[in-house]
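Enquirer: Here's a structure for you.
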Amino acid sequence: MKKMKLSRVMFLAILGAWAIVLRTFDFPILPAAPFLKIDFSDLMVLIGLLTSGPIGAVIVAGTRDLLNYIMSGGQMGLPIGVIMSFIASMAMFLPTHFILSKLKKASINVKYALMSATLVMFLVGAMSLFNYYIALPWYVAVLNFPIPDLFGYLITIIVPFNLIKGIILAVGQIIVIKTLVPMMKKRNMLYEAYSFEKKSINSPDVRLSQSHG
């Protein structure tokens, strides 16, 4: 049992290392702010979630962001960027955990819709709050960023960027789940609290609904 646990932790650490590799392939998505870039390292965090639940997501995101901080040193030596990265990952995928573990009777399409909507909403909300109250004031005070209107910058730059990023990663989330979950089931790697079962026409719930139709 201990060996299995150790192998799972090693697997999650490897996912974190792969996330660092994916982070190098970043690209801008907002012409008004080419310095804000998106990458697909968060999909490794999603895989960690699917195999090991919330702790898996935390380990993968934490490994990625710790390695990133060690290699880059952060801004002025402070880990503002990596903290923001970790919060963004948790904001996107902890709602996914709740949906997959608590809404087991919902159809797979309903789950996809809820996971996509909550990913976008929580990402935009969390990043808006963190930027407005912590990151942007710090950038202005310490790095002398020319941002005279924090709220205007938030509405015109931060919110649109995270909205687009959220939509892209929501699509990526569905692709990853559709592609990898069947394989995870066969290899008994899917986190035990999650359900992706589709209701068949012969299931008790479907027969009951048909009898009342």
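Throughout, read-outs are computed from the coordinates displayed, never taken from laboratory work. Small disclaimer: the values here were computed from a predicted structure and weren't measured. A quick note on method: Cβ atoms are made from the backbone with ideal geometry, for glycine too, and the neighbour counts reach across all protein chains shown.
Enquirer: Please work out which residue is surrounded by the most Cβ atoms within 10 Å (Cβ to Cβ), limiting yourself to the stretch 95-121 and to residues that are over 17 Å from Leu49 (Cα atoms) and among the hydrophobic types (A, V, I, L, M, F, W, C).
Expert: So the residue we want is Val120.
Enquirer: If I go through the stretch 133-172 residue by residue, how many of them are over 20 Å from Ala32 (Cα atoms) and either touching a Leu at 6+ places or on another chain (Cβ under 6 Å) or among the β-branched types (Val, Ile, Thr) (or both)?
Expert: 5
Enquirer: Still on this structure, please answer the following. Can you give me the number of residues within the stretch 130-167 that are exposed (fewer than 14 other Cβ atoms within 10 Å of the Cβ), in a helix (DSSP H, G or I) and aliphatic (A, V, I, L, M)?
Expert: Residues in the stretch 130-167 being exposed (fewer than 14 other Cβ atoms within 10 Å of the Cβ), in a helix (DSSP H, G or I) and aliphatic (A, V, I, L, M): 3 in total.
Enquirer: Could you grab the pairs with beta carbons closer than 6 Å, sequence gap of 6+ or different chains, first residue in the stretch 38-61 and touching a residue at least 12 places away in the same chain (Cβ under 8 Å) and over 18 Å from Ser7 (Cβ atoms), second one assigned to a helix (DSSP H, G or I) and among the acidic types (Asp, Glu)?
Expert: From the stretch 38-61, no pairs qualify.
Enquirer: Could you go through the stretch 180-190 and let me know if any residue there is in a loop (DSSP other than H, G, I, E, B), touching a residue at least 24 places away in the same chain (Cβ under 8 Å) and in contact with a Ser or Thr (Cβ under 6 Å, 6 or more places away or on another chain).
Expert: yes
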